Amino acid sequence: MSTVTTKPGLAQRLAALTKIVELGPGRLEPKLLAEASTLLNRAGERLKLSSEHTVVALAGGTGSGKSSLFNALSGLELSPTGVRRPTTARTHACVWGLEGAAPLLDWLQVQWRHRFARASALDKGESQLHGLILLDLPDHDSIRALTDTEADRLIGQADLVVWVLDPQKYADASTHRRYVTELAGHEAVTVFALNQADLLSTEELAELVIDLNDLLRREGVEHPSVVPTSAVTGRGVDSLKSVLAGAVSRRRSAIQKLEADLHRLEQRLAETMPVGEVLSAPSSVDEARRLGLTDALCDAVGVPAVGEAMENVYAERSMRWVGWPYSRWVAKLRPDPLRSLHLEDVSDEIHGITTSSVSAQTAETVNAVQALADGLSAGMHPVWRTSVHHAARSRSAQLPKALTEDLAEVAPRLDRVPGWWWLLKVWQYVLVAAFVLGLAWLAVGVFFPGRAPLGIQLLGDTAALPWVGLMMASVLGLGALSGIASRNFVELGASRERERLEREMRRRVAAIAETMVVEPVERELGRHHAFYTAMNNLAR
Amino acid sequence: MNTAKDDGRQESPGEQTLSFRPITEEDVVPPDDAPDDRARQPAPEERPAPVEPLPRRKPTSRKPASTSAAASKTPSSASDGPDENHRPAADLEPERKRPSLWERPPSPAEDHAPEPKRPSLWDTRSSPDEDGVPESESKRPSLWDTRSAPDEDRVPEPEPKRPSLWDTRSAPDEDRVPGADESSSDAERPSLWEARESAPVEEQDESSPDEEPEAEPKRPSLWDTRPSSDEEPAAAEDEPSEQERPSLWERKASTGEGAEHGRKTPPGQDERHGSGADEESGARTPHTPAGEKTGQGAALPAEAAKTLMTALDTLRASVAELRFGLDLPGADEARQARADLLAQLQDYVLPRVRTNTAPALIVIAGSTGAGKSTLVNSLAEKNVSRTGVRRPTTGIPVLACHPDDHKWFAEGELLSGLRRIDKASPEAGPDTLIVVPTEKLPQGVALLDTPDIDSVVEKHHAIAQRMLDAADLWIFVTTAARYADAPAWNLLRLAKERGARLAIVLSRVQPKAREVVLKHFVRMLTEYGLGDIDRFVIGETDVTDGRLPDHEVTDLRLWLAELSVDEDRRALAVRETLNGVLDSFRTRVPALARQMESQVNFRGELRTDVEAAYLSALTEIDKAFRNGSLIHGEVLARWQDFVGSGDLMRTIQLRKRGRSARQAPERIMAFRAALRAGLESVIVIGASRAAEEVVARWRRRSPLGAALGAELDRPSDDLVRHASRAIAAWQEHVTDLVRTEGVAKRSVSKLVSFDADSLSLIFMVAMFTGGAAEGVPHRLVNALLGAESLRGIGTKALSDLRARIGMLFDEESMRYVQALDSAGIPDESMATRLYQATYNLEVAR
């Protein structure tokens, strides 16, 4: 037993088929997938077994003379023939050249008692048949065959199938619809023996052969090899033998059969999942799409809005610290509408908000993920489209929570008070104090001229009063100016803070998107790519 | 006789049987049959026992109650005695005694039995009924005489209806047909007649292949041919022709008698008995020899024919209206079945009923290469049909008939769908029929050579099928090489199912193999229940000029001649096949109706899926509205912005002379937009989930569902646009509501003014925050608007939003409905009409 020297193509194609079978579940029709894995198993098993032997099956309807032809070919009455229909219920096998044939026959599940051997070389001029395993199959079209799939199975397993037809049944639907129409591409491993030729006159036979050829061509068998035989008179048996001898000596039938089967399967696969343009579909998530996803997720979290809110709230709150106190005090004098509604605590509550809450909105995150999957799977086969969507959504249940939790860590605190606010506040109160002092001075100067407190002449100096007034005005102006300026500083700082915050949030969103969305999607895209690459390789 | 006791007994029938069986069975039953018999307990009629007393004993041993029922009916001995005493006695009684006890009395009992007797009968019978349905089946044979027995199966009428036989009779009729009811009231002595009539008809309603033997024991006993009734079941099974004949003859006599009795019954009804009986023999024993009931078989009285025609026309119309739009599993078959049915009605049944004196059409069918054309040529002694080695040879059916019959076939309605031509021409289309007259064929029979049933040219199968559907008799041709082919047996099974008159020709038999092949073939036929069919064997001989040597077809020719001469027999054969076909409608039409129903159901299911999916999406959305999940993300941030930046405070102003509250709108706009976007995405997600859900459900239902939903697994492209429009409109609406209805709290409005736009936003946040009304927005709106009007606005706003989303979803789900509609809308009343038509047909027969 030597290992088969397969054409390099076959091994590769089988490998491609293996890949397809591996990736197929859930994506290919179960039936097709089952066929593919059956073929894969069969190929593996057949290639492991003797390549020195060629399994030739005689198949056909009941009464076509399979057993008679089997006997005629083997030259012995090995398989019982009869007039009762159906006659053969179990497969008979005749082996030319026993060595290594037993495992093959085991694989074919031919019963021991139905195995026969020809000591090949010793036989008259039959050395060219050495390596032939001839099978006489049960019929496939009788009422018995309805419950017996042996013929069906062996027609699949045999390396070369000889269809035994007869003048009565050669156009039966049971043969043609079920088998012959599946034979396109199998020309090299299919022979049609038109048996019982002795029942016809020469002209009739010629007409029939032409008719049969036409019929087969119509069904896609491009170059049918039709051999008229007669098991009774022995006519044509020799030419059938030589056809078989040719196949046996080439030792290629097994591989040709597998190739033809692969071809057939590949065509059917291509029908359900045409390769076409699909290979140009993205195999990874490109930068633009990642950015798009991050943007969409940021929107779902409301990153820009969080930033803006922070900025505005800071600006508002800073006024308490850095605003010109007098204007604040003036504002406070105005009646509060909330107070009149007995809702004072509302404003307290509003001021009591210490952190801005960041949370992702579920619906929008789902939308974002969906959009990504839509973009990626456009043009894909529906099955793959679905699986890409599933992959994208595989963790979308956790996504909003993950986003919320992760971003909450960087959520800005709204009650943060930077040190320079203190400084500014002190400065403001210094100004306020200065203003008050000035006011006092003015009052003393105006109402108690000359009666200044001890030791401070200056206070009593009325001449200084205008200067004091000037100074007070400038303190007021300075206060207002510093209020405006510090507000600007606050806003500047807040917007810088906001930028930093947004950057940080985006970074975190992108990281989460990468692990929770992009990675599963890319895995699926990789599978998609591998599948279609395998399809391509299979077709080669 | 009390029911309680009966019930008690019923509970342990097995034990009883066990205890009594050995004795009785060893006496009379062949040991083979005993276990068999018991195994079949649920439906003992499946096969009538071969031995005479068995059919009666079955019920006795198994059904104590029915025994007593029967026993009580017999006027002899202990009918009134305690039941328990009586039954064991009856069981143990030697069998040969039973017949007399059993059979003699019932007929007088039935005809003249005084009313007082009935109650007892009734009492005993009622208990098995109450006990369970399966029992009633096995009870039947013994209860035939009681008339009501067959009804029990079908009409689950409450027992009180049956106290007297007279009631029994009318009760089922009332249930079934007004027509029958009238006729029964017309009848003077209706009891026997009615019982007889309703029994077969109802039996047929159960129409299944196994009805066959069931009818055998029943029918004879209904007529007053008691003795023969026992033979018949046996005969039907084992030796049909010889043994059956006498009984049939007797039956015939009884018919005549019956007809005399029932003189007063209207002709239509009278005829129905005839046809009923006739059809029985046709359906159940296709091999029943000819000779009986010729008059009725051949010439249907005008009125009955008319009723039948009407019923058939209705049926045809109903079937013609059928459309199977959805490609469910079985739909193709149903379409095919519908076409077949229609063709058969038009080609065959209607013409046949209209003119039943027409010559018999014998269709020759079989495998390709079996020699059908050769056979026709040989019988016609003329090359009417081309023969050859090419397979398949015959593509166009060829009809050969006597010149006298030519007109009928050339112009008649039979196979009216086919265009007649004189000889084969290449341009002849598929719907053609070659009609060739030949004097060599006897009058009154025509041979139709058909295309094959099994070649690679599949349209031939359809043509052959159509021809067979129109056949009065089938000749099935097979060969020594083919007789085990699966297609051949499929055809034979069909013939058997249809109850068609059948003859089999086994041709191309090698002389030396003749014995073996024939024996084997006959054995196969017998196993198939066709062992007694007329068979002809033709040897493998040289075919010259497309014909067989004359001696090979002598038998067949004789058979034809016999048919030709014996008009009665021919008419009977014709009638049998017709009845077989009409019988087949009982299953075929309901099968169509069932397909129709399944289409309707399927459509209903798919629609339910759509509704359920969108409903659950709506529920989800509703949940999102309530649990605050909407106030997340941007909406939340914008809210904080709005609140924290002091805009909220600025919204509310103290009312001062003419000062209107106006502030920077951009934050409010952004907030509003965020809210809209949030709502929108909730809706879009809901819709796309629903879309996926629908498609997934459809896919799970069937491949057809997957195909229908192929492009619909996403929400429609317009959805986003429509949704944002709807929400914008809703926001407007809420603002309006706040503005117009929110001014209720006067104490507030005196003090403060507020901006309706902003307030409506606050209100929406309050609405979607859900949970306890604790938060800022709640308190604000509560304080500003007042709890009362807040509640009002809240309800209105929410229901308005729901309505808008509902409309959006309606639009979405319409796409699925349209997809469904585009696949065809099954008419829901169709199935009912079909059932009705079938039923009417049964009545009309």
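Just so it is clear, none of the values below were taken in a lab; they were calculated from the coordinates. Nothing here was measured: the structure is a model prediction, and the numbers come from that model. Quick reminder, even Gly has a Cβ in these numbers, built from the backbone with ideal geometry, and neighbours come from all protein chains shown.
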remark   = The ratio Rg/Rh over the Cα atoms of region A:282-539, Rh being the Kirkwood inverse mean 1/r radius, stands at 1.31
query = Once the other residues with Cβ under 10 Å from the Cβ of B:Leu808 are scored (Lys, Arg +1; Asp, Glu -1), what is the net sum?
reply = -2
query = So how do B:Tyr835, A:Tyr170, B:Tyr528, A:Tyr179 line up by other beta-carbon neighbours within 10 Å, fewest first?
reply = B:Tyr528, B:Tyr835, A:Tyr179, A:Tyr170
request  = Could you tell me which helices of chain A pass both thresholds, a Cα extent of 15 Å or more along their own axis and a mean Kyte-Doolittle hydropathy of at least -1.0, with helices taken as whole DSSP H runs?
outcome  = A:8-23, A:30-48, A:202-218, A:237-250, A:253-272, A:287-301, A:303-322, A:362-377, A:382-393, A:419-447, A:465-513, A:519-539
ask   = Near A:Ser359, within a Cβ-to-Cβ distance under 15 Å, what is the net charge of the other residues, with Lys and Arg +1 and Asp and Glu -1?
value = -4
inquiry  = Sort A:His176, B:His406, A:His53 by Cβ crowding within 10 Å, fewest neighbours at the top.
reply    = B:His406, A:His176, A:His53
inquiry  = Averaged over its residues, how many other protein chain Cβ atoms are within 10 Å of peptide B:385-391's Cβ atoms?
reply    = 6
ask   = Ranking A:Thr233, B:Thr394, A:Thr88 by Cβ neighbours within 10 Å, fewest first, what do you get?
value = A:Thr233, A:Thr88, B:Thr394
Alpha carbon Rg of region B:510-654, scaled by the compact-globule rule 2.2 N^0.38 Å = 2.82
ask   = Counting partner chain Cβ atoms within 10 Å of every residue's Cβ in B:622-635, what's the average?
value = 5
request  = Have a look at A:Trp321, A:Trp422, A:Ala433 and report the one farthest towards the positive end of the charge dipole of region A:282-539, computed about the Cα centre with Cβ charges (Lys/Arg +1, Asp/Glu -1).
outcome  = A:Ala433
key: Within 10 Å of each Cβ in B:473-485, the average number of Cβ atoms from other chains   = 5
ask   = Just going by the charge dipole of region A:378-530, with Lys and Arg at +1 and Asp and Glu at -1 on Cβ, which of A:Gly477, A:His390, A:Ala494 is farthest out on the positive end?
value = A:His390
ask   = Expressed as a rounded percentage, what relative contact order does chain A have, with Cα pairs under 8 Å and six or more residues apart?
value = 17 percent
ask   = Stokes-Einstein D for chain A at 20 °C, 1.002 mPa s, Kirkwood Rh over Cα pairs, in µm²/s?
value = 67 µm²/s
note = So for region B:359-565, using the alpha carbon gyration tensor with a ≥ b ≥ c as root eigenvalues (a/c under 1.5 gives rounded; past that, a/b versus b/c decides prolate or oblate), I'd call it rounded
ask   = So which of A:Lys169/A:Lys241; A:Lys169/B:Lys512; A:Lys66/A:Lys169; A:Lys48/A:Lys257; B:Lys372/B:Lys512; B:Lys382/B:Lys440 end up more than 18 Å apart by C-alpha?
value = A:Lys169/A:Lys241; A:Lys169/B:Lys512; B:Lys372/B:Lys512
task = With unit charges on the beta carbon (Lys/Arg positive, Asp/Glu negative), name the residue among A:Val369, A:Ala331, A:Ala300 whose Cα is farthest towards the positive pole of the charge dipole of region A:282-539.
result = A:Ala331
inquiry  = Placing unit charges on C-beta atoms (Lys and Arg positive, Asp and Glu negative, everything else neutral), compute the dipole magnitude of region B:359-565 about its Cα centre in debye, rounded to 20.
reply    = 460 debye
ask   = Among rounded, prolate and oblate, which fits region A:53-250 when a ≥ b ≥ c are the square roots of the eigenvalues of its C-alpha gyration tensor, a/c under 1.5 means rounded, and a/b larger than b/c means prolate?
value = rounded
remark   = From DSSP H assignment alone, runs of 4+ in chain A each adding -39500 (n - 2.57), the sum over residues rounded to the nearest 500 puts [θ] at 222 nm at -19000 deg cm²/dmol
